[in-house]
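Working notes for the structure below.
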2 protein chains.
Amino acid sequence: MLTLKRSEVKRAQARAAQILEQAGIALSAQEKEQIEIAGFGLGNLESQGLELITYANTDRYCAKELVLFAEQTCPEHLHPPIGGEEGKMETFRCRWGRVLLYVEGEVTPDIQAVLPAGSEACYTVFHEIVLDPGQQYTIPPGTKHWFQGGADGAIVSEFSSTSRDEFDIFTDPAIVRVAAIEEDEAE
Amino acid sequence: MLTLKRSEVKRAQARAAQILEQAGIALSAQEKEQIEIAGFGLGNLESQGLELITYANTDRYCAKELVLFAEQTCPEHLHPPIGGEEGKMETFRCRWGRVLLYVEGEVTPDIQAVLPAGSEACYTVFHEIVLDPGQQYTIPPGTKHWFQGGADGAIVSEFSSTSRDEFDIFTDPAIVRVAAIEEDEAE
C-alpha cells in the first residue's frame with residue numbers, strides 16, 4: 001500500500017478548500033481542517049484520488065460534497081448490499097466545473113475521460129454521463145461506476161442512502177479505501 | 001383556504017431563481033420553471049411561505065434546496081411516524097444568507113425572529129438556532145420546528161430521509177400544505 005504523507009494531505013486539503021471557496025460553497029473552519037483526502041492506497045493522488053466533506057451520515061441518509069481536481073479520477077467501484085439492505089444508492093449533482101461519470105451500460109464511443117496511466121485494466125464500464133452545473137444523475141445500488149474531473153476539476157454534491165465506505169468493492173485489487181497517512185520525517 | 005394566483009407563483013419562482021443564481025447555485029431551466037411555491041393555504045406568501053427545489057426524493061433519502069425570502073417564515077410543524085417508520089429526520093445546512101431555526105427545548109430569551117402577524121398563537125417552540133453559511137443542524141424525527149429567513153433571506157440545503165410532505169402536522173389548523181393555485185382571470 002502506498003500512503004500519502006501528512007504534508008501532501010494538508011496541501012490537498014488547502015487546494016480543495018480553495019476550489020470550494022471560489023465556487024461560493026461555505027465550510028466551517030473545522031470542516032476545512034477535516035477534509036478527507038482519499039488516495040486509495042495508490043500513492044498518486046493527482047491521478048487517482050478524491051476529496052470529500054461529509055455533512056451528514058446517519059442510519060437513514062448521507063450527504064457529502066466531493067471535490068475532484070482537474071482530471072483526477074475516483075477509481076471504479078460498486079456499493080454492495082449489506083446485512084439484507086440494498087447497496088448504497090447515490091445522486092450526483094454537479095455544482096461547479098464538469099464531472100465525467102461512467103456507469104454500466106452501452107459503451108460510449110470515444111469517451112472524454114483519459115484512463116489513469118498504468119491502471120487502464122482496472123476500468124471496465126464506459127457508459128458516459130457528462131454533468132455540468134445544475135445537472136444530476138442517480139446511480140442505482142450495486143452498479144459499477146467511476147468518475148473524473150474535467151479540465152478545471154469539479155464539485156459534486158452527493159445525496160445518498162447511508163455510506164459504509166469500508167465495504168465498497170473496487171475493481172483494482174491494489175486499492176485500500178481508507179488508507180493510513182504517513183507522518184513526515186522530522187527535519 | 002386562501003390560494004395563490006398563478007401570476008404570484010410565477011413572480012415568486014423568478015425571485016427564488018434570482019436568489020439562487022446570485023449565490024452561485026445552478027439550476028436547470030426545467031428546475032427553474034418547477035420551483036415549488038408553498039403558500040400553505042394562508043394567502044400571504046411574503047409572511048408565511050417557502051420556496052423549494054426537490055433534487056431527489058427516493059424511498060431511501062431526499063435532498064432539497066429551500067429558499068426563504070427576507071423575513072419569510074415556514075410555519076411550525078412536525079414530521080410524524082408513518083407506517084411503522086420514524087418521522088422524517090432532516091439536516092439543514094445554510095448555504096447563503098441567514099436562517100433562524102426554532103425547535104423544541106429551552107426557550108431562548110429575546111429571539112431574533114418576528115412572529116408572523118396574526119398567527120402568533122400558532123408558534124409554540126422557541127429554542128433558537130442561528131445558522132450562517134457553512135453551519136448546519138439536524139432536527140430529530142417528531143420534533144416541532146419552524147424557521148425564518150434573516151434580513152436578506154436564506155438558502156438552505158435540506159438532507160433528509162424520505163419526504164412525505166402531505167403527512168406533515170402543522171400547529172396552525174388553517175394550513176393546507178399542498179394548496180391549489182388559482183388561475184388569473186383572462187384579461
Quiz prompt | Which numbered condition residue A:141 fails, given (1) assigned to a strand (DSSP E or B); (2) open to solvent by less than 70 Å² (accessible area, probe 1.4 Å) | solution = (1)
Quiz item: Do we have residue A:128 as more than 14 Å from the chain's Cα centre (by Cα), modelled with pLDDT of 95 or more and in a strand (DSSP E or B) here?
Solution: yes
Quiz item: (1) closer than 30 Å to residue B:185 by Cα; (2) open to solvent by 70 Å² or more (accessible area, probe 1.4 Å); (3) charged (D, E, K, R); (4) in a helix (DSSP H, G or I): which one isn't true of residue B:46, the others all being true?
Solution: (4)
Quiz item: Mind checking whether some residue in the stretch A:9-24 is in a strand (DSSP E or B), open to solvent by 10 Å² or more (accessible area, probe 1.4 Å), in contact with a strand residue (DSSP E or B) (Cβ under 7 Å, 6 or more places away or on another chain) and touching a residue at least 24 places away in the same chain (Cβ under 8 Å)?
Solution: no
Practice problem: Would you check which residues across the stretch B:67-83 are within 14 Å of chain A (Cβ to nearest Cβ) and surrounded by 19 or more Cβ atoms within 10 Å (Cβ to Cβ) and list them? | Solution: B:79
Exercise. Look through B:179, B:151 and report the one residue that is more than 11 Å from chain A (Cβ to nearest Cβ), aliphatic (A, V, I, L, M) and not in a loop (DSSP other than H, G, I, E, B).
Key: B:151
Quiz item: If you go through the stretch A:96-111 one residue at a time, do you hit one that is more than 16 Å from the chain's Cα centre (by Cα) and under 30 Å from residue B:21 (Cα atoms)?
Solution: no
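Would you check which residues across the stretch B:96-107 are in a strand (DSSP E or B) and open to solvent by 30 Å² or more (accessible area, probe 1.4 Å) and list them? I'd like the intermediate steps shown before the answer.
If we filter the stretch B:96-107 for residues that are in a strand (DSSP E or B), which is where we start, we get B:96-103.
Scanning the stretch B:96-107 gives B:96, B:98.
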Exercise. Check the stretch A:88-97 and report whether any residue there is under 20 Å from residue B:159 (Cβ atoms) and either without any contact (Cβ under 8 Å) to a residue 12 or more places away in the chain or of a type in the set (Ser, Thr, Tyr) (or both).
Key: yes
Practice problem: Show the residue pairs that are 6+ apart or on different chains and have beta-carbon atoms under 6 Å apart, the first residue being within the stretch A:27-56 and within 13 Å of another protein chain (Cβ to nearest Cβ), the second being part of a loop (DSSP other than H, G, I, E, B). | Solution: A:27/B:134; A:28/B:134; A:53/A:35
Quiz item: residue B:134 fails exactly one of the following numbered conditions: (1) at positive phi; (2) away from every other protein chain (no Cβ under 14 Å). What is the number of that condition?
Solution: (2)
Quiz item: So which residues in the stretch A:144-179 are among the β-branched types (Val, Ile, Thr), open to solvent by 40 Å² or more (accessible area, probe 1.4 Å) and modelled with pLDDT of 95 or more, if there are any at all?
Solution: A:169, A:171
Quiz item: Can you name the residue in the stretch B:89-101 that is hydrophobic (A, V, I, L, M, F, W, C) and out of contact with any Leu (no Cβ under 7 Å at 6 or more places or on another chain) and, of all such residues, is farthest from the other protein chains (Cβ to nearest Cβ)?
Solution: B:100
Quiz item: residue A:32: at pLDDT 95 or above and assigned to a helix (DSSP H, G or I), yes or no?
Solution: yes
Self-check item: Every residue from the stretch A:60-85 that is in a loop (DSSP other than H, G, I, E, B) and modelled with pLDDT under 95
Solution: A:83, A:84
Quiz item: Do you know which residues across the stretch B:20-38 are under 17 Å from residue A:96 (Cα atoms) and β-branched (Val, Ile, Thr)?
Solution: B:25
Exercise. Name the one entry in A:86, A:128, A:166, A:104 that is closer than 21 Å to residue A:60 by Cβ, more than 14 Å from every other protein chain (Cβ to nearest Cβ) and not small (Gly, Ala, Ser).
Key: A:166
Exercise. Give the residue, chosen from B:117, B:113, B:121, that is in a loop (DSSP other than H, G, I, E, B), out of contact with any strand residue (DSSP E or B) (no Cβ under 7 Å at 6 or more places or on another chain) and modelled with pLDDT of 95 or more.
Key: B:117
Quiz item: Could we say that residue B:3 is more than 14 Å from every other protein chain (Cβ to nearest Cβ), crowded, with 18+ Cβ neighbours inside 10 Å and farther than 29 Å from residue A:162 by Cβ here?
Solution: no
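The values are calculated or read from the model by the stated rules, or taken from the named source; none is laboratory data. In this text, all values refer to a predicted model and were calculated from it rather than measured experimentally. Methodologically, a virtual Cβ is constructed for each residue, glycine included, from the backbone with ideal geometry; neighbour enumeration extends over all protein chains shown. Areas reflect the complete protein model, heavy atoms only, side chains present, ligands, DNA and RNA absent. Shrake-Rupley method; radii C 1.70, N 1.55, O 1.52, S 1.80 Å.
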